[in-house]
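The values are calculated or read from the model by the stated rules, or taken from the named source; none is laboratory data. Note that the structure is predicted; figures quoted are calculated from it, not measured. Here the Cβ is made from the backbone with ideal geometry for all residues, glycine too, and neighbour counts use every protein chain on show.
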Amino acid sequence: MWVEKYRPQNLDDLVDQTIAVDRLRPFTKSPASMPHLLFAGPPGTGKTTAALALARSILGEAWKNYLLNLNASDERGINTVRQRVKTFARYSDESVGIPFRIIILDEADEMTQDAQTALRRIMEETSRITRFILIGNYSSKIIDPIQSRCAIFHFSRLEKPDVVKHLEGICGKEKITCTRDALEKIYEVSRGDLRHALNLLQSSATLGEIDVENVEKAAGISGRARVGEIIQFALKANFKKAHENLILLTSVYGMSERDFLKYANEEIIRSSVKNLGTISEILAKYDYRLVVGSNPEIQLSAMLAELGTVGAK
Ligand SMILES: Nc1ncnc2c1ncn2[C@@H]1O[C@H](COP(=O)(O)OP(=O)(O)OP(=O)(O)O)[C@@H](O)[C@H]1O
Ligand SMILES: [Mg+2]
């Protein structure tokens, strides 16, 4: 996927966000001065990318060993977060030259007030040897006592000329032709969300060269409609087609597996399929398996196959 392939590794390679990057850079030189951080801003603007790049430059080569990357809304409740943080933050690593361990907590603004209060306590208990980087779309949804413990960084939507230039560079590297109008169209649709822009660029590229027509085509086929199509293929026991489209949707279009299930659920209710009860049970079963951490691709493939056996009845 291009969003991953072209995710900048260094702070200085981020598109825009110069205000945030200029304030973050000093922490890479003198990590001791780094407080907990809170990154807020719209989707696809580089928050996770900046957090990873910062962690990498502070922690050095073995950065992965000293970084815990949790998704606050995926983890089952604050107790899991507490458990994982506690296990992770048990050791000080000063002797190996690591100033502190870093915990990135994505979608922190989705946590309930109670969970945030508990989080605040965890931050205090472990602050000697850890720094948190909390990430969310809205800093206002983070409780005041946490906000006041963090340095807050606002990430803004990316500017048109910079996005167009970035996309142009990628087309060059991928050796595909594109027109400037098409890239501007991509910006109009994605409005400063670079993840969205890259996904749209990649799905347009599957249709041929990147011109306005292909961009419009790729943008017009909404994710939700694609899920509907996949479920219909599965119910008709056309596993191959269903599976192919699933992979395209999750890997190229970037839809998360849980979102896929959510839309699938809406689709079966909307299209009033036969055996609704059985089918709902199936969706619920796989939803649970994803939550407990089974391999999403294998699980969803199995689900499509199972839908085929029910739909055919
Ligand atoms: N400022 C940026 N510079 C370069 N690439 C970017 C930037 N912002 C986003 N991207 C691209 O988009 C992808 C997603 O970005 P990222 O994960 O950092 O977004 P985010 O701000 O964390 O969004 P979300 O709120 O949805 O988690 C990256 O892998 C990268 O390819
Ligand atoms: Mg993110």
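Specify which of the listed residues (Pro42, Pro35, Pro31, Pro26) is within 16 Å of ligand 1 (Cβ to nearest atom), of a type outside the set (A, V, I, L, M) and within 23 Å of Gln147 (Cβ to Cβ).
Pro42
Quick one: count up the residues across the stretch 212-240 that are of a type in the set (Lys, Arg), without any contact (Cβ under 8 Å) to a residue 40 or more places away in the chain and over 30 Å from Lys185 (Cα atoms).
Going through the stretch 212-240 one residue at a time, the tally reaches 1.
Restricting the stretch 282-313 to residues that are among the β-branched types (Val, Ile, Thr) and closer than 17 Å to Tyr263 by Cα, which is surrounded by the most Cβ atoms within 10 Å (Cβ to Cβ)?
The selected residue is Ile282.
Among the numbered conditions (1) closer than 28 Å to Asn265 by Cα; (2) in contact with a Pro (Cβ under 8 Å, 6 or more places away or on another chain), tell me where Gly192 comes up short.
With (1) closer than 28 Å to Asn265 by Cα; (2) in contact with a Pro (Cβ under 8 Å, 6 or more places away or on another chain) applied to Gly192, the lone miss is (1).
Suppose the filter is farther than 27 Å from Gly44 by Cβ, at pLDDT below 80, not aromatic (Phe, Trp, Tyr) and not in a helix (DSSP H, G or I); does Ser73 pass it?
no
Mind checking which residues of the stretch 155-188 are over 18 Å from Gly208 (Cβ atoms), among the charged types (D, E, K, R) and in contact with a helix residue (DSSP H, G or I) (Cβ under 8 Å, 6 or more places away or on another chain)?
Of everything in the stretch 155-188, those that are over 18 Å from Gly208 (Cβ atoms), among the charged types (D, E, K, R) and in contact with a helix residue (DSSP H, G or I) (Cβ under 8 Å, 6 or more places away or on another chain) turn out to be Lys160, Glu184.
Just name the residue that is nearest to ligand 2 (Cβ to nearest atom) out of those in the stretch 16-52 that are surrounded by fewer than 17 Cβ atoms within 10 Å (Cβ to Cβ) and part of a loop (DSSP other than H, G, I, E, B).
Top of the filtered list is Pro43.
Does any residue of the stretch 54-66 turn out to be within 13 Å of ligand 2 (Cβ to nearest atom) and either loosely packed, with under 12 Cβ neighbours inside 10 Å or more than 24 Å from Ser203 (Cβ to Cβ) (or both)?
Checked the stretch 54-66: no residue is within 13 Å of ligand 2 (Cβ to nearest atom) and either loosely packed, with under 12 Cβ neighbours inside 10 Å or more than 24 Å from Ser203 (Cβ to Cβ) (or both).
Could you list, ordered by first residue, the pairs with Cβ atoms under 7 Å in which the first is in the stretch 285-313 and among the acidic types (Asp, Glu) and the second is surrounded by 16 or more Cβ atoms within 10 Å (Cβ to Cβ) and part of a helix (DSSP H, G or I), at least 6 apart or interchain?
Within 7 Å, the pairs are Asp287/Leu261; Glu306/Ile282.
Scan the stretch 75-84 and tell me whether some residue there is within 16 Å of ligand 2 (Cβ to nearest atom) and free of Cβ contacts under 8 Å to residues at least 12 places away in the same chain.
Just the residues of the stretch 75-84 that are within 16 Å of ligand 2 (Cβ to nearest atom), to begin with: 75.
Add one more test, that the residue is free of Cβ contacts under 8 Å to residues at least 12 places away in the same chain, and what stays is 75.
Within the stretch 75-84, one or more residues are within 16 Å of ligand 2 (Cβ to nearest atom) and free of Cβ contacts under 8 Å to residues at least 12 places away in the same chain.
Do you know which of the residues in the stretch 122-164 that are outside any helix (DSSP H, G or I) and of a type in the set (Val, Ile, Thr) is nearest to Arg82 (Cα to Cα)?
Among them, the one singled out is Thr130.
Got a number for residues in the stretch 184-235 being assigned to a loop (DSSP other than H, G, I, E, B), at pLDDT below 90 and closer than 15 Å to Gly254 by Cβ?
The total comes to 3.
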